[in-house]
Amino acid sequence: MRLLVHSARQVVQVCDQGQRSLRGADMDRLAVLTAETDSAGLAVAVDSDGRIAAIGTNKTVLAAYPESRFDQVVDATGRVLLPGLVDAHTHPVWSGDRVDEFAMKLAGATYMEVHQAGGGINFTVQRTRAACEADLLEALLPRLHRMLISGTTLAECKSGYGLNTVTEVKQLRVLEAARSHTPVQISSTFCGAHSVPRGKTSSEATNIVINEMVPEIKRLQESGELAVDSIDVFCEKGVFNVDETRRILQAGKEQGWLINFHGEELNPLGSAEMGAELGAAAISHLEHVSEEGMRAMSAAGTVAVLLPTTAYILRLRPPPARQLIEHGVPVALGTDFNPNAYCLSMPLVMHLACVTLGLTMQEALAAATINSAASLGRGDTHGSLEVGKQADMVVLDAPSWKHLIYQFGEASNIISHVIKAGQVVHSRPGAAGPGSQF
Ligand code: NIG
Ligand code: FE
């Protein structure tokens, strides 16, 4: 057996009936085990392939699996155990930060004004095209590490700062190379249609994505050099329209990739309806989604990935999180880490989701675990603590899991351990003893 975590005061399973996502009122009803007394702490046993073998009181788990059988033991006395967080939307491979743009935005410029002035995505594209693979990897790894110490064990990571075949492939190769350097599991998304490159129309760019980029990535995937999970497009007025987006997504779907795209962010275009019709796994942003779009997403089971950092930093109207939940759309969360929204912390995102989108803490945690996993097609293996699932876990040094959201900006100070597939991949210095009493 690989790992035993014992004596926890709380184990947040999130769900315990094998659900692949949570919707509606179920998002507010999490499965949480609480130890009746300190001496009857809770334990999780992980088998040698990194999956959860048992969850229960110390007594029941140790009766089934004696302590001497484990390679590693974590004493979680006074601590809380919860699923590793899943970041459903990031753009982590790039060179060229945009700190000066932040100043422009504070002075009143909108996202599209910055974009049209030669800033925004196209600025980062220039820098990313000029960077070599090694430099991009060197920039990426500390970002992934900061995600990890904030509790993220699975992250969706996009390309999209290349906008030509060679640089899009370069970004996907960097993600591929990162896999052997980081415990953070990467779900990789091809986002060659993240913006229209300079000198091209959106219709020309659409054809390049479909006729050049997709076939080349498919070839590299078939030869085992790349593994791509999803396809993404920035569907927006002045970027790719709904028809162009549909054609690109369809081309990705034909490769077996999941559809997971940016829609309804700055203008209502009906992309939620289009995405639902194509069977999209997820649509991100949705600040301007219509009633009809919500109904279509609910019927198709399309996950809404909400990004509170973006609405916050751009001072946009926040997405209608409550209506999405009322319509039965599974709501997930992502940091949207990118040079515009420089945030790597899912606990901070959960906090923002509660304060600015009106989620309860239960809903925010469901969104950051099981529903984010569902947005990546991994609700069956990730996102909750249940027997048979991958043992991705966070140990929290706090009296209850809610402190992960309540103590905002503090996650890395109160997370004592991060566990990936039953291996302890991060422990905070000084975290070896029993949990501190708050
Ligand atoms: O999700 N909206 C498009 N993409 C990103 C922004 C990327 C950038 O500004 O570099 C987003 O917010
Ligand atoms: Fe994005």
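Between residue 291 and residue 322, what is the spin-label point distance in nm, taking each point 7 Å from the Cα along the Cα→C-beta axis?
Inter-label distance under the simple model: 1.7 nm.
For the chain, what is the mean residue ellipticity at 222 nm derived from helices alone (per DSSP H run of n ≥ 4: -39500 (n - 2.57); sum divided by total residues; nearest 500 deg cm²/dmol)? Can you show the working numbers first?
Details: 18 runs with 155 residues, N = 438.
That comes out to -10000 deg cm²/dmol.
Label region 294-433 by shape, choosing from rounded, prolate and oblate, from the square roots a ≥ b ≥ c of the eigenvalues of the Cα gyration tensor; if a/c is under 1.5 it is rounded, and otherwise prolate applies when a/b is larger than b/c, oblate when it is not.
Values: a/c = 2.04, a/b = 1.35, b/c = 1.50.
Oblate.
Using the Cβ atoms and a cut-off under 11 Å, what net charge is assigned to the surroundings of residue 18, where Lys and Arg are +1 and Asp and Glu are -1? Each step should come with its number before you reach the end.
On the way: positive: 20, 389; negative: 16, 380, 386.
Combined, the nearby Lys, Arg, Asp and Glu give -1.
Which percent, nearest 5, of DSSP beta bridges in the chain are antiparallel?
Restricted to the chain, the bridges split so that about 45 percent are antiparallel.
What FRET efficiency comes out for the pair residue 241/residue 342, r = Cβ-Cβ distance, R0 = 30 Å, nearest 0.05?
Details: r = 29 Å, r/R0 = 0.97.
Once the sixth-power term is evaluated, E becomes 0.55.
Determine the percent antiparallel among the DSSP beta bridges restricted to region 1-122, to the nearest 5. Can you show the working numbers first?
On the way: 13 of 19 bridges.
Of the beta bridges lying entirely in region 1-122, close to 70 percent run antiparallel.
Per-residue HN-Hα couplings for region 18-32, Karplus 6.51 cos²θ - 1.76 cosθ + 1.60 at θ = phi - 60°, whole Hz, x for Gly and Pro?
x, 5, 8, 7, 10, 10, x, 5, 5, 5, 9, 10, 8, 7, 10
Which one, 306, 269, 385, has the greatest fluctuation when you compute a Gaussian network model over the chain with C-alpha springs under 10 angstrom?
Per the Cα network of the chain with a 10 Å cutoff, 269 tops the list.
Let a ≥ b ≥ c be the square roots of the eigenvalues of the Cα gyration tensor of region 350-438; is it rounded (a/c under 1.5), or, if not, prolate (a/b larger than b/c) or oblate? Can you show the working numbers first?
Numbers: a/c = 2.30, a/b = 1.11, b/c = 2.08.
It comes out oblate by the Cα gyration axes.
Between 360, 60, 381, which gets the highest mean-square fluctuation from a Gaussian network model of the chain, Cα cutoff 10 Å?
Greatest mean-square fluctuation among the candidates belongs to 60.
For region 18-70, rounded, prolate or oblate, judged on the Cα gyration tensor with a ≥ b ≥ c (square roots of eigenvalues), a/c < 1.5 rounded, else prolate if a/b > b/c?
Details: a/c = 4.33, a/b = 1.54, b/c = 2.80.
Note, shape of region 18-70 comes out oblate.
Each residue of region 340-348 in order: what ³J(HN,Hα) in whole Hz does its phi give by Karplus 6.51 cos²θ - 1.76 cosθ + 1.60, θ = phi - 60°, with x for Gly and Pro?
Going residue by residue, I get 8, 10, 8, 9, 10, 10, 5, x, 5 Hz, with x marking Gly and Pro.
Check residue 56: other-chain or 5+ apart residues with amide H under 5 Å from its amide H, H built from backbone geometry?
It is 43, by chain and number.
Using the Cα centre as the reference, give the magnitude of the dipole from point charges on the C-beta atoms of region 1-126 (Lys, Arg: +1; Asp, Glu: -1; all else neutral), rounded to the nearest 20 debye.
On the way: 11 positive and 15 negative charges, 53 e Å.
With only Lys, Arg, Asp and Glu charged at Cβ, the dipole is about 260 debye.
First measure r as the distance between the Cβ atoms of residue 227 and residue 48, then evaluate 1/(1 + (r/R0)^6) with R0 = 30 Å and state the FRET efficiency to the nearest 0.05.
Values: r = 24 Å, r/R0 = 0.81.
Once the sixth-power term is evaluated, E becomes 0.80.
If the chain between residue 177 and residue 267 were fully stretched, how many nm would it gain, using 0.36 nm times the residue separation less the Cα-Cα distance? Intermediate results must be reported in sequence, preceding the final value.
Values: separation 90, 0.36 × 90 = 32.40 nm, distance 3.65 nm.
Result: 28.8 nm gained on full extension.
Scan around residue 15 for amide H atoms under 5 Å from its own, H built in the peptide plane at 1.01 Å from N, and keep only partners 5 or more places away or cross-chain.
31, 385
Just want the answer: with Cβ charges of +1 for Lys and Arg and -1 for Asp and Glu, which residue in 360, 88, 180 is farthest toward the dipole's positive end in the chain?
180
Please determine, in degrees from 0 to 90 and to the nearest 10, the orientation of helix 291-300 with respect to the longest principal axis defined by the Cα atoms of the chain, where the helix direction is its Cα long axis.
In the chain, helix 291-300 runs at an angle near 60 degrees to the longest axis.
Roughly what angle does helix 120-130 make with the longest principal axis of the chain, taking Cα atoms, 0 to 90 degrees, to the nearest 10?
90 degrees
Residue farthest toward the positive end of the dipole of the chain, with Cβ of Lys/Arg at +1 and Asp/Glu at -1: which of 147, 413, 17?
Final value for the positive-end residue is 413.
Once every Cα of the chain carries one equal point scatterer and solvent is ignored, give the base-10 log of I(q)/I(0) from the Debye formula at q = 0.07, 0.08, 0.14 Å⁻¹, two decimals.
These q points yield log10 I(q)/I(0) values of -0.32, -0.42, -1.24.
Using r as the Cβ-Cβ distance of residue 71 and residue 28, and R0 as 30 Å, what FRET efficiency do you calculate, to the nearest 0.05?
Values: r = 38 Å, r/R0 = 1.25.
In this case the efficiency is close to 0.20.
Name the residues whose placed amide hydrogens come within less than 5 Å of the amide hydrogen of residue 267, ignoring near sequence neighbours (fewer than 5 apart) on the same chain.
237
Report ³J(HN,Hα) in whole Hz for each residue of region 400-415, in order, from the Karplus equation J = 6.51 cos²θ - 1.76 cosθ + 1.60 where θ = phi - 60°; Gly and Pro get x.
8, 4, 5, 5, 5, 9, 5, 7, 6, x, 10, 3, 5, 7, 10, 7
Explain nothing, just the number: dipole magnitude of region 70-143 about its Cα centre with +1 on each Lys and Arg Cβ and -1 on each Asp and Glu Cβ, in debye rounded to the nearest 20. Intermediate values should be presented prior to the final figure.
Details: 6 positive and 10 negative charges, 45 e Å.
With only Lys, Arg, Asp and Glu charged at Cβ, the dipole is about 220 debye.
Please report, in debye to the nearest 20, how large the charge dipole of region 125-273 is about its Cα centre when each Lys and Arg carries +1 at its beta carbon and each Asp and Glu carries -1 there. Kindly include the intermediate steps, with their values, before the conclusion.
Working: 16 positive and 20 negative charges, 64 e Å.
Its charge dipole is roughly 300 debye.
Here, each number is a calculation from the coordinates, and none is a lab measurement. These numbers come from a predicted model, not from an experiment. Every residue, glycine among them, receives a Cβ derived from its backbone with ideal geometry; neighbour counts consider all protein chains shown.
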